[in-house]
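Down below is the structure, laid out as structure tokens.
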Amino acid sequence: MEKKPAKKSPGGVSRRDFIKGMGTGALGTAVLPPLLGQTIPTKKGRVPVYDKKTIALTVNGQKVGLAVEANETLLDVLRDKLDLTGAKRVCDRGECGGCTVLLDGAPVYACMYLAIRADGKAVKTVEGLAAGDKLHPVQEAFIEKDGYQCGFCTPGFLMTTSAFLEKNPAPSLDEIKQALSGNLCRCGNYAKIYGAVDAAAKKLRGA
Ligand code: FES
Ligand code: FES
């Protein structure tokens, strides 16, 4: 039977090309090139298809330009390309918060955030929290209140806490628990972590 010609969308990408282009592995790699440089329809409008793109970030106050693959996450870039290993790769699937960094001041799971989407944004990692030799009050409070045991989850907690206290300088215990609910501590050190956040809030308020 004769094959029907594929219908083209207004942007020139056929449904058949699109489905082929969304394939994964060797097949996906083989058929993706026809879509590169074009746009594909999404719920938020048409978006360009990249395999690699040069992005500009401001990381801990420093401007950085680098080429990233379309499937690289912000965590890949921070840890593997910029040697900033403070954000931890733990679950690598958006469940533990060990990779939390601030993007334009808001906490995100870097393991779930494509680096390409961070183009033009400001990233703050735990390495950028202290001002030179002077620790951030949140860091001081975690040390003073034993807010860590093995410390593997601590960078994520510090970043979430620093952003949270900017918004809510005098939180209740329930608000602290709610704000930190996206960060997990495998050592189960929650009581001391909550105490550290409360102490950090008081330090920041000068109370
Ligand atoms: S490593 Fe990103 S959420 Fe667990
Ligand atoms: S201190 Fe060990 S995982 Fe939290």
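Pairs from the list 88/177; 88/121; 44/121; 63/145; 81/192; 121/167 with a Cα-Cα gap above 29 Å: 63/145; 81/192. Quick check: the distance between the Cα centres of region 126-166 and region 59-81, to the nearest angstrom? Here the answer is 22 Å between Cα centres. The overall shape of region 29-186 is prolate: from the C-alpha gyration tensor, with semi-axes ordered a ≥ b ≥ c, the ratio a/c is 1.5 or greater and a/b exceeds b/c. Taking every alpha-carbon pair under 8 Å whose residues sit at least 6 apart, region 137-205 reaches a relative contact order of 55 percent.
Charge tally for residue 76 (other residues, Cβ to Cβ under 11 Å; Lys, Arg +1; Asp, Glu -1): -1.
Each reported figure results from applying straightforward, stated rules to the coordinates on display, with no laboratory input. All figures in this text were calculated on a predicted structure; none of them were measured in a lab. Cβ atoms come from the backbone with ideal geometry, glycine included; neighbour counts cover every protein chain shown.
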